[in-house]
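Input: a single structure, listed below in C-alpha cells.
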Amino acid sequence: MLVNNAGYYVLGPAEAATHEQIKRQIDTNLVGLIDVTKEMLPHFRKQKSGTIINISSIAGIISIPLQSLYHATKWGVEGFSEALRYELRLFNTRVKIIEPGVIKTDFYGRSMTVAQDNALLEYEAYSQKVINNILKNGEKGSAPEDVAKTIYKAATSNNGKLRYPIRQLKGNGFSA
C-alpha cells in the first residue's frame, strides 16, 4: 500500500508568485506524488495487487480566491489518480483519493507561503481579507483523526469507490 500525503500551500495572487514558489508548489504536490507512485508501480505490478491512496483536497474539486497554484496541483492529483485507476485495473491495483476540507493542523503555518509582490498594491486589501478568512477557518477545521479514519476506511474497503470526500466546515467563509 502507498499513501501519498505531500502538501505545500502557496497563498496569494498568481501574479505575485515567484518562479521558485510556482515550481515548489507543483514539484511538492504533484510531481513528487507522481514520482513516488512510479517507484511503487513495479512492485504492485509484480504482486498483481496493491492500493494507492492519494491525499488530494476539496481544493481539487472547487476553487476559491488566491489559491490558484494550490488548486492547479490538487486538480492535477485528481486527474492523475482517476486516469491511473484505469491503467492499474489490469494489475488489480486500486487507486483512492482522499479529499479533506479544512483540517486543524499547522498546515496554515509551517506548510504555507504567501505570495507577495509589493508592486501589486491593487491586490493588497482583497488579499488581506481573504487571507484572514482562510486563517480563521483553519482554526475551525476538523480534527486530523477524521482524515485518518477516512484513509483507513479507503484502505480497508474492497469497493470500487475512487473519491472519499471529507467536508465538515459549514460554509466556506472564503468570500471577500
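Filter the stretch 68-106 down to the residues that are modelled with pLDDT under 95 and in contact with a Leu (Cβ under 9 Å, 6 or more places away or on another chain), then identify the one that is farthest from N132 (Cα to Cα).
Only one residue tops the list, namely G101.
Those residues that are outside any helix (DSSP H, G or I) and surrounded by 13 or more Cβ atoms within 10 Å (Cβ to Cβ), I need them from the stretch 127-153; list them, please.
G141, S142
From the residues in the stretch 38-55 that are in contact with a helix residue (DSSP H, G or I) (Cβ under 7 Å, 6 or more places away or on another chain) and surrounded by 15 or more Cβ atoms within 10 Å (Cβ to Cβ), which one is farthest from L121 (Cα to Cα)?
This residue is R45.
Hey, could you check the stretch 6-37 for residues that are more than 25 Å from G138 (Cα to Cα) and among the β-branched types (V, I, T) and say which is surrounded by the most Cβ atoms within 10 Å (Cβ to Cβ)?
Among residues in the stretch 6-37 that are more than 25 Å from G138 (Cα to Cα) and among the β-branched types (V, I, T), the one surrounded by the most Cβ atoms within 10 Å (Cβ to Cβ) is T37.
Scanning for something more than 19 Å from the chain's Cα centre (by Cα), at pLDDT below 95 and either farther than 25 Å from L11 by Cα or not hydroxyl-bearing (S, T, Y) (or both), does the stretch 139-152 turn up at least one residue?
no
Could you check, for the stretch 37-49, whether at least one of its residues is under 15 Å from T113 (Cβ atoms), touching a Leu at 6+ places or on another chain (Cβ under 8 Å) and modelled with pLDDT of 95 or more?
Scanning the stretch 37-49 turns up no residue that is under 15 Å from T113 (Cβ atoms), touching a Leu at 6+ places or on another chain (Cβ under 8 Å) and modelled with pLDDT of 95 or more.
How many of the residues making up the stretch 86-122 are in a loop (DSSP other than H, G, I, E, B), under 19 Å from the mean Cα position of the chain (by Cα) and loosely packed, with under 13 Cβ neighbours inside 10 Å?
2
Does at least one position in the stretch 62-69 carry a residue that is in a helix (DSSP H, G or I) and not β-branched (V, I, T)?
Within the stretch 62-69 (the criterion being in a helix (DSSP H, G or I) and not β-branched (V, I, T)), the answer is yes, since at least one residue qualifies.
Suppose the filter is among the polar types (S, T, N, Q), within 23 Å of Y152 (Cα to Cα) and out of contact with any Leu (no Cβ under 9 Å at 6 or more places or on another chain); does S56 pass it?
yes
For residues in the stretch 154-176 being modelled with pLDDT of 65 or more, in a loop (DSSP other than H, G, I, E, B) and not charged (D, E, K, R), which is nearest to S56 (Cα to Cα)?
Here the residue is L162.
Take E82 and decide whether it is within 27 Å of K38 (Cβ to Cβ), surrounded by fewer than 18 Cβ atoms within 10 Å (Cβ to Cβ), touching a residue at least 60 places away in the same chain (Cβ under 8 Å) and among the acidic types (D, E).
In short, yes.
The values are calculated or read from the model by the stated rules, or taken from the named source; none is laboratory data. The structure displayed is predicted, hence computed values, not measured ones. Note that we place each Cβ from the backbone using ideal geometry, even for glycine, and neighbour counts take in every protein chain shown.
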